[in-house]
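The values are calculated or read from the model by the stated rules, or taken from the named source; none is laboratory data. The structure displayed is predicted, hence computed values, not measured ones. Here the Cβ is made from the backbone with ideal geometry for all residues, glycine too, and neighbour counts use every protein chain on show. Surface areas here come from the heavy atoms of the whole protein model, side chains and all, with no ligands, DNA or RNA. Shrake-Rupley method; radii C 1.70, N 1.55, O 1.52, S 1.80 Å.
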Amino acid sequence: MTNLLRIHTFTLPLLLLTATSLSFAQQVSIRIDNRPPVTARALTESGVVFISVEDFTTAFGFAAFRNEDVSKLEFRAGGYRIKVSANSPFLVITEVATGIASVSQLSRPALYRNRQFSVPVASFVGLVARLIDTPLRFDAATNTILAGAFETPAVSTPAPTPAPRTTTPTSAFGRPRFDITGIEVEPRLNGYLLTVLTTRKLTDVEKWLKRPDGWLFLTIPDARADIQALNATKPTGAVKKVLAFQSPTSVQITIRVAPDVVEADLIEDPDSNNLLVSLHTESIAEKTDLDRKRQELTNENLERERSRWKLDVIVIDPGHGGKDPGTIGVAGTREKDVTLAIALKLGALIEKRMKDVKVVYTRKTDKFVELYRRTQMANEAGGKLFISIHCNSTERKPSSVDGFEIYLLRPGKTEHAIRIAERENAVIKLEEGHEQRYKKLTEEEFIILTMAQSAFMKNSERFAEIAAESMAKHLTIRNGGVKQAGFYVLVGASMPNVLIETGYLSNRDEERYLRNKQGQQKIAEALFEGIKEYKSIYEQTLQEGRTTSDAR
């Protein structure tokens with residue numbers, strides 16, 4: 001993709017964009033750096049103003065690419081690629097430098113009319129403003145997008161005394177490139193003072209200390225951070241590790257703190273812009289007494305914990321079902337039929353050969369089950385492993401693309417993984433009330449939910465690797481490897497979990513294999529062998545006396 005000039009250096013002539021469709025009966029004015037205004041086509045639906053994405057990207061000099069076969073448009077702003085999909089409120093945002101993809105939600109789904117993409121202007125402009133280093137906002141009163149120096153018009157004032165030079169990186173408009181530049185830690189009488197170095201006052205900061213795990217979570221909205229500097233923070237005192245993540249709308253800082261940190265308080269610093277966090281630790285006497293009590297309880301709790309985390313319930317989730325057929329193969333094979341057949345065969349093997357394991361199915365017949373309900377059923381059953389079974393497909397059929405793939409719940413890193421997650425997640429449109437249920441599943445919420453599964457991620461990865469090796473050993477289907485993507489069906493599972501794409505129904509050879517009872521049985525047997533090996537390794541860690549968090 002061609003590199004773009006930053007927004008304040010574009011040289012595109014400011015041409016008047018005229019409406020060419022009756023659907024665009026309105027216009028939104030765009031004013032950039034006090035230059036003559038540009039107009040963009042707009043329309044109103046249910047009281048909400050929508051703006052043409054093509055006109056917006058043209059005005060700002062953003063390169064845009066359309067894919068009318070799948071009704072998508074992608075453009076690049078700053079260091080990000082933004083993908084708009086027709087009739088979807090979700091934007092896929094990929095950071096160019098890292099390839100990390102995330103999802104953000106608009107107030108209304110994007111429209112696609114007369115070959116034009118339109119988005120709700122207020123929420124769209126607010127999101128783009130967080131991705132670029134130029135002031136940008138929508139003035140609803142005048143129906144105008146204001147950008148760049150127009151936000152701070154020049155006035156005739158005496159030249160100020162030159163300020164001392166600073167090493168803080170700044171944008172061309174004079175404001176710091178980063179709101180958060182680093183972290184410092186210093187000891188205090190009752191603990192430690194953690195200072196988050198900031199270039200401006202940051203508000204609405206959310207804090208959560210998760211004990212006894214020893215993780216401190218800071219969520220800072222509407223901010224940009226020097227992620228490289230934060231992640232390079234050296235362990236000091238109570239701070240053992242710092243993990244920072246930049247999303248389009250916030251900064252998430254996750255800090256591993258010492259076990260004796262019992263409380264974390266946010267403090268207002270009147271003398272600087274910095275964000276202060278007071279980490280309170282136990283006194284020596286309290287710590288000694290607590291260590292003694294912990295030691296007394298160790299032997300008593302160990303056997304109970306071993307029993308609690310024993311792999312005694314496996315939840316098998318046949319993808320799709322009922323009014324949701326899933327993907328359709330070249331010869332008409334329905335994904336929902338294949339996944340149910342494999343799931344029932346796998347469950348029968350477990351019930352026959354693992355007498356100490358209970359099998360729970362999210363469905364045993366051809367019925368529709370909402371995505372959120374599947375992991376809910378798994379949690380209610382006390383599941384220790386969640387396996388969601390699916391079939392893959394390409395957009396165009398037939399195709400030579402082949403192979404099975406095993407996915408972990410994390411934001412997708414590749415376009416391939418993102419497309420597969422989008423296809424599987426699209427089933428929410430068949431759920432009653434899905435608009436409200438998934439309304440808050442924004443990119444930040446998704447990150448928090450995946451963090452909540454961090455305790456199980458180690459064993460999710462372990463099972464995925466073992467299952468992939470077993471399937472590669474026993475099947476003729478190519479091993480596509482272990483990958484990651486944002487599948488809604490895995491969100492909320494309080495146990496190790498994976499999603500398995502058993503093969504491509506868009507590939508004629510694999511479709512024949514997947515619809516054949518013998519092929520389905522071989523896939524079930526390969527998965528069973530992987531489960532058996534994983535169970536042996538998993539329960540061995542319990543017998544070795546590792547902690548509960550390690551076992552999970």
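Seen from GLY214, the other residues with C-beta closer than 11 Å to its C-beta sum to a net charge of +3, counting Lys and Arg as +1 and Asp and Glu as -1. Note on exposure: HIS280, HIS390, HIS474 ranked by accessible area (1.4 Å probe, complete protein assembly) read HIS474, HIS280, HIS390, with the most exposed listed first. So if R0 is 22 Å, what FRET efficiency would LYS532 and ASN379 give, r being the distance between their Cβ atoms, rounded to the nearest 0.05? Here the calculated transfer efficiency is 0.35.
Note on ARG108: accessible area approximately 90 square angstrom, rounded to 10, probe 1.4 Å, nucleic acids and ligands left out.
Charged neighbours of GLY182, selected by a Cβ distance under 13 Å, balance to -2 (K, R count +1; D, E count -1). Would you mind checking the pairs LYS310/LYS358; LYS310/LYS355; LYS83/LYS323; LYS355/LYS532 and listing those with alpha carbons more than 20 angstrom apart? As for pairs spanning more than 20 Å Cα to Cα, those are LYS83/LYS323. Accessible surface of VAL262, taken over heavy atoms with a 1.4 Å probe and every protein chain present, rounds to 50 Å².
Given R₀ = 25 Å, FRET efficiency for ALA64-GLU395 by Cβ-Cβ distance, to 0.05? My answer for the efficiency is 0.80. Under the combined filter of DSSP loop state and at most 16 neighbouring Cβ atoms within 10 Å, region 86-145 retains these trypsin sites (Lys or Arg not before Pro): ARG115.
Measuring spread by the Cα atoms of region 44-106 yields a radius of gyration and Dmax of 12.3, 38 Å. The separation of region 112-128 from region 263-281, counted between C-alpha centres, amounts to 40 Å. At the residue level, SER85 shows approximately 10 square angstrom of accessible surface with a 1.4 angstrom probe and all protein chains present.
Local charge sum around ARG41 (other residues, Cβ-Cβ under 9 Å, Lys/Arg +1, Asp/Glu -1)? In short, -2.
Ranking SER46, SER393 from most to least accessible surface, computed with a 1.4 Å probe over the protein chains only, gives SER46, SER393.
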